[in-house]
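Here, each number is a calculation from the coordinates, and none is a lab measurement. All of these numbers come straight from a predicted model, not from anything done at the bench. Note: ideal-geometry Cβ built from the backbone for every residue, glycine included; neighbour counts use all protein chains shown.
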Amino acid sequence: MEERTLEENHAGENDDVPMSAAMRVLQAKGENLQNEHESQYIGKKVTWLENFWYQHKWHAGLIVFALVIAVVLVWQILTYVRPDVHIMYTGPVAFIGSRYTELEEALIQVMDDYNGDGEKAISFTDNTYLTEEQIEKKQEEAKAQNEDYYPDYSGLRASYGRFQTEMTAAKHMLCMLDPSLYEQIRDMDGFMPLSDIFGETLPDCAADAYGIRLGDTAFYAYYSGVRFIPADTILAVRSKEASGIAGNEKKLEQLKYHAELLRAIASFAPDNAE
């Protein structure tokens, strides 16, 4: 009785799985010659591509992903334009919206293709940083409007840290700085004397012996896209003796480009505008 029950159960299990006519004949003969591309359930032929995808879909997916990344990297390399100058701004305004584009367009009008690759390009970095006096002023302005102003001190500390890192790295050699930050670096002999750029006769926009005041230039007055930057912002070129530049022939050559741009900004005249 137990043997019959097991046989019936086995038969029931087989009945649960539909088989093709060919499979029934083979099973009756006690043979199992099913083609590897034939489904044991409905007898449907599986294409080579379907079988390959089932067996290797993860490998194929990874290969396709790697190829896409490789194509993107190659495209970026082929279309990369080397910057002629590297500029850093650190001060109380944020470069949001179209501000960067408008500033870049103005600078490109007065600069040359310094590296001679046929393109004018700028690498720009900016940090929004407010002094305590600027924070107090914003709070007073907000109070006058019956509003509150809460400075992001954590963000300001991070901005100041990036500023210090950039000054140490000396990648961005033309600096546009809030006067308080400019004075810190100037007092450490971090900037090139204007006399090395202009000779004995300094431009009228010179703030002191090392930097020019942006708001005193015709460049600032002519290009409206620049005037979102505070007029008291100081422009200065890093010193030849600065850490990261001294003794580096490549950096010293690039430093000349930044000195040329500072001279172009200081000596700009609307009559010469492109």
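In plain terms, the chain from T168 to E133 could stretch by 10.0 nm, reckoned as 0.36 nm per residue minus the Cα-Cα distance.
Once fully extended, how much extra length lies between S123 and W48, figured as 0.36 nm per residue of separation less the alpha-carbon to alpha-carbon distance? Intermediate results must be reported in sequence, preceding the final value.
Numbers: separation 75, 0.36 × 75 = 27.00 nm, distance 5.20 nm.
Stretched out fully, the S123 to W48 stretch lengthens by 21.8 nm.
Taking amide H as placed 1.01 Å from N in the peptide plane, the amide H of N127 sits under 5 Å from that of Y89, T90, G91, each at least 5 places away or on another chain.
Counting charges near D232 (Lys, Arg +1; Asp, Glu -1) among other residues having Cβ under 14 Å from its Cβ returns a value of -2.
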